[in-house]
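Visitor: Next up is a structure, given as structure tokens.
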Amino acid sequence: MTIRFIMVGGFLGAGKTTTIGRLAKAYQARGLKVGIVTNDQATDLVDTHTLRSQGFDVGEVAGACFCCNFDELTKTTDKLSADNCPDIILAEPVGSCTDLVATVVQPLRRLFNEQFDVAPYGVILKPSHGRKILKNEQGSGFSPKAAYIFKKQLEEADFIILNRIDELTVEETSSLVELVQAENPNIPIIRMSAKSGAGFDALLEMLDQRGSFGKRILELDYDIYAEGEAELGWLNSSLQVISAQPIDLDKVLVGIIDRLRDSLAAIGAETAHLKTIGLWEGFYGVANLISSDNPAVLSLPSNCQTQDADVVVNARVAVDPVILEKLVHEAVNAACKDVGAEAKFKQTQSFRPGRPVPTHRFADAV
């Protein structure tokens with residue numbers, strides 16, 4: 001029996017992890033077994049910790065995007081299949097990647113068609129940056145090269161998911177739909193809130209469809225693509241927070257994000273996404289920031305008082321990674337000091353993504 005392979009793309013901070021988690025619960029409610037594959041340019045991914053903490057079976061492809069590490073993607077799905085025999089694999093690609101139809105969907109259909117039944121490819125639209133980029137506004141926070149990636153992600157989608165409608169007015173939602181349709185007139189749009197579940201049935205219905213999907217092969221300038229990705233500073237850091245007295249873990253998580261938001265704003269560095277997760281003996285909390293214009297959000301409260309917790313910080317910001325690492329360390333230390341705790345850093349990886357070199361790329365579709 002083939003495994004249904006569902007990949008949900010979208011820019012950094014679009015809401016992919018929340019969507020994947022809600023999809024997993026929905027399929028489990030149908031009596032189906034679900035495996036999840038996350039993806040990042042480095043190890044210590046907050047998304048992986050978050051989904052595993054929610055009880056899901058998660059494999060991680062680290063060190064490169066799915067397209068450039070395709071063999072690791074198939075090895076990871078094989079391991080999930082051998083361990084738990086999932087009916088469905090949910091895959092979350094790196095948020096700065098595009099050209100996934102030519103480099104992931106088509107290779108799966110051509111080379112692994114007996115193993116996988118590939119679903120329509122949906123891309124989540126991030127309203128905060130989408131509105132600015134699609135209007136070609138000055139001061140959108142990203143260069144034209146990074147905006148190029150954002151637009152190409154939408155162009156190759158079988159359908160587009162306008163997420164976070166619970167945070168938008170009816171007029172703002174309609175305006176965004178019009179902007180998307182102006183550039184992508186033949187691509188269906190689903191209006192949804194991954195957080196509240198509004199419009200979620202339409203997403204499930206779309207993903208259940210079969211037919212002529214996964215065929216929007218991009219004409220893509222890989223030089224612009226590579227330069228756009230390289231403008232982002234990338235950081236994954238793991239640490240331990242220790243205190244002589246119980247501390248409010250959620251206050252530490254939000255404190256880290258708040259301080260980072262302020263320090264990055266002070267130097268004019270646009271945030272694509274900031275995430276931090278705190279973990280202690282079955283408790284977990286997540287705080288994040290999806291753009292410089294938004295406040296920090298405690299998306300998953302731990303409601304935990306503890307003297308010891310593991311914390312992971314992920315940051316994707318349009319700034320030099322050396323500067324980003326310095327600001328992250330300062331924010332973490334200040335947030336810990338504020339509650340009388342100490343941070344002990346274990347590992348920090350900070351860099352700019354390298355040029356994408358796909359394992360496979362098919363210029364035509366089957």
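Visitor: Would you mention how many residues in region 66-78 are in contact with a strand residue (DSSP E or B) (Cβ under 6 Å, 6 or more places away or on another chain) and more than 16 Å from Thr2 (Cβ to Cβ)? Spell out the reasoning first.
Guide: Keep residues of region 66-78 that are in contact with a strand residue (DSSP E or B) (Cβ under 6 Å, 6 or more places away or on another chain), which gives 66, 69, 72-73, 76-77.
Filter again for more than 16 Å from Thr2 (Cβ to Cβ), leaving 66, 69, 72-73, 76.
Residues in region 66-78 being in contact with a strand residue (DSSP E or B) (Cβ under 6 Å, 6 or more places away or on another chain) and more than 16 Å from Thr2 (Cβ to Cβ): 5 in total.
Visitor: OK, next. How many residues, within region 150-207, are farther than 25 Å from Ala24 by Cβ, touching a helix residue (DSSP H, G or I) at 6+ places or on another chain (Cβ under 9 Å) and among the acidic types (Asp, Glu)?
Guide: The qualifying residues number 3.
Visitor: Here's something else I'd like to know. Out of the residues in region 222-233 meeting the condition of being in contact with a Lys or Arg (Cβ under 6 Å, 6 or more places away or on another chain) and not small (Gly, Ala, Ser), tell me which one is farthest from Leu45 (Cα to Cα).
Guide: Ile224
Visitor: For Val105, are the conditions met, namely being part of a helix (DSSP H, G or I) and either farther than 21 Å from Phe159 by Cβ or in contact (Cβ under 8 Å) with a residue 24 or more places away in the chain (or both)?
Guide: Answer is yes for this residue.
Visitor: Filter region 150-176 down to the residues that are touching a residue at least 40 places away in the same chain (Cβ under 8 Å) and part of a strand (DSSP E or B), then identify the one that is farthest from Gly214 (Cα to Cα).
Guide: Checking each candidate, the answer is Ile161.
Visitor: Checking Lys25 against (1) surrounded by fewer than 21 Cβ atoms within 10 Å (Cβ to Cβ); (2) modelled with pLDDT under 95: exactly one of these is not met. Which one?
Guide: Answer for Lys25: the failing condition is (2).
Visitor: With respect to Val322, determine if the residue is modelled with pLDDT of 95 or more, out of contact with any Cys (no Cβ under 7 Å at 6 or more places or on another chain) and either in the same structural domain as Leu73 (by TED's automatic domain parsing) or closer than 17 Å to Gly13 by Cβ (or both).
Guide: no
Visitor: A further question follows. Can you name the number of the only condition in (1) in a helix (DSSP H, G or I); (2) in contact with a His (Cβ under 8 Å, 6 or more places away or on another chain); (3) within 21 Å of Arg164 (Cβ to Cβ) that Phe142 fails?
Guide: (1)
The values are calculated or read from the model by the stated rules, or taken from the named source; none is laboratory data. Everything numeric in this text was worked out from a predicted model, so none of it was measured. Backbone-built Cβ (ideal geometry, glycine too); neighbour counts: all protein chains shown.
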